[in-house]
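**Q** My structure is below; once you've seen it, I'll send some questions.
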Amino acid sequence: MELFLVRHAIAAPLPEGGGEEEDAARPLIPKGVRRFRKVVRGLKALGVGLDLVLTSPKRRALETARLLGPLLEGEVRTTPLLAGPLSEALLEELPEEGRVALVGHEPHLSALLAWLLFGHLLEGVAPQALEERVLLKKGGVAWLRGRPEPGGMVLRALLPPKVFRL
């Protein structure tokens, strides 16, 4: 399996005093859309195609997932498991093979990345500590290959969005 962990593109800031509902409704800003379209063109140039996109239900992630359309040969599905902390239940939603993108948020994606690469060696490490060690910028992509289980994947590339703008 090839797995692409995609952090949502640049979104509008959370309004001061905004809560969970306001956070979930934040859209991408035009700059975020423009930059992420370059990421998609770059991935396409690398021969990346997707069979499935799983996305957080938060608006900024949904909009990012839709921008992956030129790479997609299958469907886009939402899962609340990409909007919250790391969960083994997320791995159960993945097919056994294929090319799948997961569109979500920090610090959860960094924690998932580290967990898929290093497995249970990271038990007890806070997700925030992992985010500081694995920088997945907004609109960035981590490209993995292997079995989607703790410690079962290999990192093929960590692609900050700036790579596609050069």
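**Q** Which residues does a label at PHE118 reach in region 1-39, if reach means a backbone N under 19 Å from a point 7 Å past the Cα toward the Cβ?
**A** Label zone hits: 5.
**Q** Rounded to a whole number, what is D in µm²/s for region 44-166 from Stokes-Einstein with the Kirkwood radius over alpha-carbon pairs (4 °C, 1.567 mPa s)?
**A** So the translational diffusion coefficient is about 88 µm²/s.
**Q** Rounded to the nearest 5, what is the percent of antiparallel bridges among the DSSP beta bridges in region 16-166?
**A** 40
**Q** What does the highest-first list of 88-99, 72-83, 53-64 look like by mean Cβ count within 10 Å?
**A** 53-64, 72-83, 88-99
**Q** Once Rh for region 21-77 is found with the Kirkwood sum over Cα pairs, what is the Stokes-Einstein diffusion coefficient at 25 °C and 0.890 mPa s, in µm²/s?
**A** Approximately 207 µm²/s, per Stokes-Einstein.
**Q** Another question, if that's okay. Residue separation times 0.36 nm, minus the C-alpha to C-alpha distance between VAL154 and ARG77: what's the value?
**A** Full extension of this stretch gives 25.3 nm more.
**Q** Counting only protein heavy atoms and using a 1.4 Å probe, what share of the accessible area of the chain belongs to carbon plus sulfur, as a whole percent?
**A** Summing carbon and sulfur atoms, their accessible area is 52 percent of the total for the chain.
**Q** Follow-up question, since we're still on this one. Using a 7 Å offset from the Cα along the Cα-to-Cβ direction at both ALA89 and ARG34, what is the distance between the two label points in nm, to one decimal?
**A** A separation of 4.0 nm, rounded to one decimal place.
The values are calculated or read from the model by the stated rules, or taken from the named source; none is laboratory data. The structure displayed is predicted, hence computed values, not measured ones. Using ideal geometry, Cβ is built from the backbone for each residue, glycine included, and neighbour counts are taken over all protein chains shown. The accessibility values were calculated without ligands, DNA or RNA, using every heavy atom of the protein model including side chains. Shrake-Rupley method; radii C 1.70, N 1.55, O 1.52, S 1.80 Å.
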